[in-house]
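Below: one structure, written as structure tokens.
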Amino acid sequence: MLAGRRILLIIGGGIAAYKSLELIRRLKENGTEVLPVMTEAAEEFVTPLSVSALAGHRVYRDLFDLVDEAEMGHIQLSRTSDLVVVAPATANLVARMANGTATDLASTILLATDKKVLIAPAMNVRMWNHPSTSRNLKTLLDDGVLTVGPNEGDMACGEYGPGRMAEPDQITSAIDAALMSGPLNGKHVVVTSGPTHEPIDPVRYLGNRSSGNQGTAMANALSAAGARVTFVTGPATSPLPGGCHVVQVQTAVEMREAVEDALPADAAVMVAAVADWRVRRVSGAKISKTVDPGESARPDGDKKGLELELVENPDILAMVSSSPDRRPRIVVGFAAETHDVIERAKAKRKRKGCDWIVANDVNASTGIMGGPENQVMLVTESGVEEWPRMSKAEVARRLAERLTEALTG
Ligand code: C5P
């Protein structure tokens with residue numbers, strides 16, 4: 001998808017700008033033409049000379065550069081590429097985009113463009129977590145802007161957390177996904193993925209073995225088919241999909257809120273292994289294992305254990321399926337079972353009110369949970385289809401095909 005395409009790359013003024021040099025190199029290696037635009041602040045971090053040398057193209061810098069206006073006006077510049085990429089997208093640039101201000105060449109291009117825009121946010125963790133940034137980002141997502149990252153990790157400022165710009169490879173994949181046009185163009189799909197972690201105390205949680213592999217594969221297949229994907233994921237080990245709007249959560253309650261925020265959508269594919277229960281009273285302090293010696297003897301010889309009271313978590317699939325005004329056209333649930341797979345899946349489809357159930361056998365002997373392959377049955381109103389064992393990516397591709405038929409047919 002990258003070869004022969006043209007990217008307008010806006011480099012914002014953040015320390016992560018140095019990674020944009022590597023991004024340009026990757027894109028060029030893939031045969032992509034890069035038109036670089038730098039903000040004034042970006043020039044404090046990387047020089048226009050390095051950028052133009054790597055891009056093999058002059059750098060556009062100034063809105064009032066009359067030579068440019070004669071040669072290529074900012075309106076034309078904003079429309080001659082296949083995709084506009086902002087990397088790094090600083091907090092300031094994100095805020096200006098969200099408010100539609102056009103105070104320099106970069107923000108004017110972003111306001112004038114009729115092309116898809118992909119941003120790679122990069123900022124200090126507190127700036128990223130600030131309510132203003134969350135609001136601005138939500139505005140951009142509602143406007144259809146695509147995001148990649150940020151990642152969590154050590155930051156140049158010495159702090160730790162989310163805010164590191166996605167790596168050049170991730171941005172390249174996200175660009176690749178964003179350039180794909182497919183039958184699901186213009187459709188929005190919400191995908192949930194991974195396990196949820198339900199806290200017991202500040203250091204312990206209830207969780208499960210879901211890797212998030214099937215959910216990531218599903219999101220990748222849907223964006224490859226051209227859909228705009230909101231990917232709501234619990235703490236999974238699988239890599240995040242590229243070119244999707246990613247919302248990372250820990251608990252089922254947070255996942256429900258993120259899914260509610262993401263609606264409306266044309267389809268929802270709930271792959272997440274949501275914990276069925278959460279602990280009613282989460283301890284604010286680490287629970288100590290010290291027990292009163294007088295209470296330690298039980299008939300089975302074990303010491304007195306810890307009793308946790310569990311309460312049921314919200315059923316997100318059932319909630320989305322029964323939404324009176326925001327039910328997606330197609331709602332798909334997954335059913336991981338260890339016995340009576342088909343019967344239980346059929347019952348689950350009815351009980352939850354979803355359209356399709358993708359059922360699979362997760363007995364340890366199948367190697368499916370956490371593994372690269374899956375063997376599923378698709379349970380719909382018209383019956384049960386047994387699919388052969390195949391990679392999770394292939395299951396996702398086939399499901400995306402079926403969703404395409406259902407949404408566009
Ligand atoms: O009832 P069970 O957990 O087997 O249902 C599995 C399906 O329901 C999956 O699609 C899962 O994502 C979804 N689910 C949910 N919220 C829950 C439990 C399950 O969305 N609390």
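Assorted remarks:
- Any chance LEU240 is at pLDDT below 90, out of contact with any Ser or Thr (no Cβ under 6 Å at 6 or more places or on another chain) and part of a loop (DSSP other than H, G, I, E, B): yes
- Taking the conditions (1) part of a loop (DSSP other than H, G, I, E, B); (2) in contact (Cβ under 8 Å) with a residue 60 or more places away in the chain in turn, VAL191 satisfies each one other than (1).
- Qualifying positions in segment 392-409 - free of Cβ contacts under 8 Å to residues at least 24 places away in the same chain and open to solvent by less than 60 Å² (accessible area, probe 1.4 Å): GLU394
- Residue within segment 385-399 that is under 16 Å from THR192 (Cβ atoms) and within 13 Å of the ligand (Cβ to nearest atom) present: yes
- Those residues of segment 117-173 which are of a type in the set (Phe, Trp, Tyr) and either open to solvent by 70 Å² or more (accessible area, probe 1.4 Å) or in a strand (DSSP E or B) (or both), in sequence order: TYR160
- Residue check for ARG327: more than 28 Å from VAL279 (Cβ to Cβ), touching a Gly at 6+ places or on another chain (Cβ under 8 Å), at pLDDT 95 or above and not aromatic (Phe, Trp, Tyr): no
- Counted residues, segment 1-42 - those being among the acidic types (Asp, Glu) and touching a strand residue (DSSP E or B) at 6+ places or on another chain (Cβ under 9 Å): 1
- Within segment 341-386, being open to solvent by 40 Å² or more (accessible area, probe 1.4 Å) and of a type in the set (A, V, I, L, M, F, W, C) holds for ILE342, ALA347, ALA364, MET369, VAL384.
- Top-ranked residue in segment 307-317 [being surrounded by 13 or more Cβ atoms within 10 Å (Cβ to Cβ) and more than 7 Å from the ligand (Cβ to nearest atom); ranked as nearest to ALA262 (Cα to Cα)]: LEU310
The values are calculated or read from the model by the stated rules, or taken from the named source; none is laboratory data. From a predicted model like this one, the values you see are computed outputs, not experimental measurements. Here Cβ is always computed from backbone atoms with ideal geometry, including for glycine, and neighbour counts include all displayed protein chains. These area figures cover heavy atoms from the full protein model, side chains too; ligands, DNA and RNA do not enter into them. Shrake-Rupley method; radii C 1.70, N 1.55, O 1.52, S 1.80 Å.
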